[in-house]
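Contents: one structure, followed by commentary.
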Amino acid sequence: MRRRTFAGLAGLAFATPARAETVELQLHLSWGRQANTQKVVAAAFMKQHPDIAVKFRPVTPDYTTGLETILRQSAVGQAPDISFQGTNLMGQLVDRGLAVDLTPMLATIPDLAAAGYTPSILNLGRFNGRQHAMAFLIGSPVLYYNLDLVRRAGGDPAQLPATWEEAIALASRIRALGPEIMGIYYAYTDWMFQNLVSLMGSPMMDEARRQLLFDGPAGLAAMRTLGRFVSEGGMRPMTRVAAQEQFAAGTLGILGDVGSLVGTYEQRLAGRFGWAAVPLPGFAGVTSRGAVVGGNAAMILTRDPVKQRAAWAYIRFATGPEGQAILTRENGEPPVNTLALGPAYLGSFYDDNPRYRAQLVQVQAGQPWFAFPGARSTEITEAIGSAQESVVLGRATPDAAFAEMVRKVRALLP
């Protein structure tokens with residue numbers, strides 16, 4: 001069985017003679033919602049690889065906590081063998097030299113396209129031209145529409161808005177249906193703000209991550225758009241969970257949030273009211289860079305050569321067609337491996353579940369969730385979120401909030 005476990009890896013520079021005993025891998029998951037899915041993936045993997053035992057460390061509740069946990073454990077020599085880190089925070093592990101360079105391992109795959117790995121997906125784990133992570137669970141934001149409210153507001157459920165301008169106009173009409181109804185809610189996080197900036201045609205920084213690029217018209221337009229959600233669409237300050245509940249209750253017309261809610265709403269909204277999940281719209285007259293895709297990716301932290309080989313075998317399975325088919329069916333996110341769409345894996349899944357397509361069409365053509373450089377990147381993401389919150393709370397105008405946000409981000413960059 002060991003021959004099958006490490007098939008194709010014999011030529012790696014870090015290869016060593018096979019051990020007779022079982023190799024134990026310690027996995028860390030930085031986001032709670034993927035825990036059950038990972039356990040299903042691990043069980044399927046161990047069934048095929050009985051000489052590798054996958055053990056799970058305690059799951060951290062969010063990506064920021066996940067990063068902080070790994071940094072503390074690494075400082076005392078207790079890092080796990082594999083960590084699934086948020087794609088916007090992985091750069092900190094690379095900058096500190098904690099992440100193993102996967103480029104030699106990736107080179108053992110003779111044809112990446114034939115193996116189901118596209119350049120855009122691989123790019124999510126590249127830093128400075130080297131592969132340091134492999135995307136596992138990747139998704140994009142989508143817009144959820146309450147089609148009953150759309151119809152009542154004079155909209156056409158078969159012809160939903162193609163631009164943000166049209167979406168805001170529709171949200172305004174939905175808002176006017178009654179005081180208990182909110183026209184639109186758009187989650188005001190760093191990731192969601194990056195999406196608006198990208199849809200306005202701008203990256204956050206240059207490729208060298210030395211110069212801000214969102215601090216001009218694109219970033220200001222993004223913040224002003226958030227302001228219009230409030231002033232015209234009736235968006236109120238509330239947590240994302242509260243907004244998700246309001247959509248489920250039928251009193252929110254348009255919800256902009258993670259695409260992975262589709263599975264939840266499929267169960268909760270069945271027969272209650274008509275709804276749709278669609279890709280994010282563009283801005284009129286602007287050439288979009290596409291949606292910003294986010295999620296987590298696998299990084300190898302162990303320096304043990306044999307464990308590295310076992311870790312790579314697990315990552316190849318988890319990001320391969322079988323692991324990704326499990327992910328899509330269990331968690332709802334689109335597969336990062338194109339082979340998973342084949343008849344032997346997901347087959348007719350997207351034909352049978354069309355609402356899941358909104359993420360699928362955005363992910364392969366999307367932009368990476370930008371990772372700010374330096375040790376204070378989490379403070380930068382918090383500053384971006386706080387600036388948006390000040391607009392939603394009515395404490396600052398979009399222009400003033402944007403100016404303050406840019407000032408803080410510049411001060412926090414290395």
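From the Kirkwood radius over Cα pairs of the range 201-328, Stokes-Einstein at 25 °C and 0.890 mPa s returns a whole-number translational diffusion coefficient of 129 µm²/s. Taking every alpha-carbon pair within the range 284-389, the share separated by more than 18 Å comes to 64 percent. Computed from Cα atoms, the angle from the helix 398-412 axis to the main principal axis of the chain rounds to 20 degrees. Dividing the convex hull volume of the alpha-carbon atoms in the range 143-191 by its residue count gives 85 Å³ per residue. Computed from the alpha carbon positions, the gyration tensor of the range 55-107 leads to an equivalent ellipsoid with semi-axes of 18, 13, 12 Å, biggest first.
For the chain, give me the percentage of DSSP beta bridges that are antiparallel, rounded to the nearest 5 percent. Counting DSSP beta bridges with both partners in the chain, the antiparallel share is about 60 percent. For the pair residue 101 and residue 404 in one chain, pulling the backbone fully straight at 0.36 nm per residue adds 105.3 nm over the alpha carbon distance.
With only Cα atoms counted, the chain has Rg and Dmax values of 21.9, 71 Å.
Taking Cβ atoms as reference points and 15 Å as the exclusive limit, the residues near residue 101 contribute a net charge of +4, counting Lys and Arg as +1 and Asp and Glu as -1. Estimated from helices alone, the mean residue ellipticity of the chain at 222 nm is -12000 deg cm²/dmol (sum of -39500 (n - 2.57) over DSSP H runs with n ≥ 4, per residue).
Between the helical axis of 377-392 and the dominant principal axis of the chain, each derived from Cα atoms, what acute angle in degrees is found, rounded to the nearest 10? Roughly 20 degrees between the two axes. Taking the range 327-414, how much of its Cα-Cα pair set, in percent, is spaced more than 15 angstrom apart? Percentage above 15 Å: 69. Summing Lys and Arg as +1 and Asp and Glu as -1 over all other residues whose Cβ lies under 15 Å from the Cβ of residue 182 gives a net charge of +1.
Where does helix 240-249 land angle-wise versus the long Cα axis of the chain, in degrees 0 to 90, nearest 10? Approximately 60 degrees, to the nearest ten.
In the chain, how many lysine pairs have Cα atoms under 16 Å apart, counting only pairs 8 or more places apart or on different chains?
4
In terms of its alpha-carbon gyration tensor, the range 316-373 comes out oblate; a/c meets the 1.5 threshold, while b/c is at least as large as a/b.
Every read-out reported here was derived from the displayed coordinates using simple, explicitly stated rules and does not represent laboratory data. All values derive from a computational prediction rather than experimental measurement. So basically every Cβ, Gly included, is an ideal-geometry build from the backbone, and we count neighbours across all protein chains shown.
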